[in-house]
1. For residue 9, which sequence-distant residues (separation of 5 or more, or a different chain) have an amide H within less than 5 Å of its own amide H, given hydrogens modelled in the peptide plane?
2. When the Karplus curve 6.51 cos²θ - 1.76 cosθ + 1.60 is applied with θ = phi - 60°, which whole-Hz ³J(HN,Hα) does each residue of the stretch 29-36 get, with x for Gly and Pro?
3. Under a 1.4 angstrom probe, counting protein chains only, how are 79, 8 ranked by accessible area, largest first?
4. Karplus couplings for the stretch 67-84 from phi (6.51 cos²θ - 1.76 cosθ + 1.60, θ = phi - 60°), rounded to Hz, Gly and Pro as x?
Amino acid sequence: GSVNIAAFKDAGDHEAEIVDASRDTEPDIYVVGKEGEGDGTVDLPSDFSGSADLTTLRRSDDRAQGSYVRVFDEDYEEFAEEAARDAEYTIVATEDWDIIPLEN
């Protein structure tokens, strides 16, 4: 694909982890959601307009191009859909394959 290296970025804009650390280069994209709302570390806000992850994606300075969401229930499924509207790339993880994939 067009992305060789992705780096997680927390909502505070700090680089958290390089996914492919075997290369000595800048990441192609930054992804929000790890150790935040996307993976359940931080509770989802009742109103997504208060989401730190979504706010980071929506910034005009292009500091994050991707979102990571671990789907635990319908609320996270809805959060993943909202994140996909704002992100160029969306990574969705789930252990329950009874959930209908977002592309459907």
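The values are calculated or read from the model by the stated rules, or taken from the named source; none is laboratory data. Only a predicted model underlies this, so the values are computations on that prediction, with no experimental measurement involved. Only protein heavy atoms, including side chains, enter the accessible area calculation; ligands, DNA and RNA are left aside. Shrake-Rupley method; radii C 1.70, N 1.55, O 1.52, S 1.80 Å.
1. Answer set, sorted by chain and number: 16, 31, 32, 33, 34.
2. Per residue, the Karplus-derived 3J(HN,Hα) values read 9, 10, 10, 9, x, 7, 6, x Hz.
3. Order by accessible area, largest first: 8, 79.
4. After applying 6.51 cos²θ - 1.76 cosθ + 1.60, I find 10, 10, 9, 9, 8, 9, 7, 4, 4, 6, 5, 5, 5, 4, 4, 5, 5, 5 Hz.
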